[in-house]
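A.B. asks: Let me give you the structure first, and then I'll get to my questions.
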Amino acid sequence: AAARDLGMAIVIVGTGSRQRFPSPALLRPLIDARIGFEIMDLPAACRTYNILVGEGRAVAAALMFDTPA
């Protein structure tokens with residue numbers, strides 16, 4: 001709901017050092033709100049976010065960081 005309330009058209013999901021697909025239940029609010037999303041590793045998510053912001057797109061980033069062992 002927060003992405004919808006902020007007027008985001010797409011959410012970039014960065015999943016740490018490797019690409020991991022979240023549970024479909026976690027993505028359901030984005031799907032229901034008709035907000036696009038892309039799942040990628042953290043470095044790719046940051047690069048993609050910067051490109052889309054540079055283009056003036058309404059984008060948000062949800063970033064997950066790996067915890068040190």
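The values are calculated or read from the model by the stated rules, or taken from the named source; none is laboratory data. The structure displayed is predicted, hence computed values, not measured ones. Only protein heavy atoms, including side chains, enter the accessible area calculation; ligands, DNA and RNA are left aside. Shrake-Rupley method; radii C 1.70, N 1.55, O 1.52, S 1.80 Å.
A.B. asks: Quick one: 3J(HN,Hα) in Hz for region 13-22, Karplus 6.51/-1.76/1.60 with θ = phi - 60°, rounded, Gly and Pro as x.
C.D. replies: 10, x, 10, x, 6, 9, 6, 10, 8, x
A.B. asks: Give me the extension gain from R28 to F65: residue separation times 0.36 nm, minus the current Cα-Cα distance, reported in nm with one decimal.
C.D. replies: 11.1 nm
A.B. asks: Additional query: Rounded to the nearest whole Å², what accessible area per residue is found for the chain with the 1.4 Å probe? Before the final figure, lay out the partial values.
C.D. replies: Details: 4690 Å² over 69 residues.
Each residue of the chain exposes 68 Å² on average to a 1.4 Å probe.
A.B. asks: From the backbone phi of region 49-55, what are the Karplus-calculated ³J(HN,Hα) couplings (6.51 cos²θ - 1.76 cosθ + 1.60, θ = phi - 60°) in whole Hz, Gly and Pro given as x?
C.D. replies: Each residue of region 49-55 in turn: 4, 4, 5, 5, 4, x, 7 Hz.
A.B. asks: Moving on to the next point. Just L42, L26, L52 to compare: in a GNM of the chain, with alpha carbon springs under 10 Å, which one fluctuates most?
C.D. replies: L26
A.B. asks: Leaving ligands, DNA and RNA out of it, rank D32, D66 by accessible area with a 1.4 Å probe, largest first.
C.D. replies: The ordering from most to least exposed comes out as D32, D66.
A.B. asks: Of all the accessible heavy-atom surface of region 16-69, with the other protein chains kept in place and a 1.4 Å probe, what percent is carbon and sulfur?
C.D. replies: 59
A.B. asks: Taking amide hydrogens as modeled 1.01 Å from N in the peptide plane, which residues meet the under 5 Å criterion relative to A61, leaving out close sequence neighbours?
C.D. replies: The list, which skips near neighbours in sequence, is I12.
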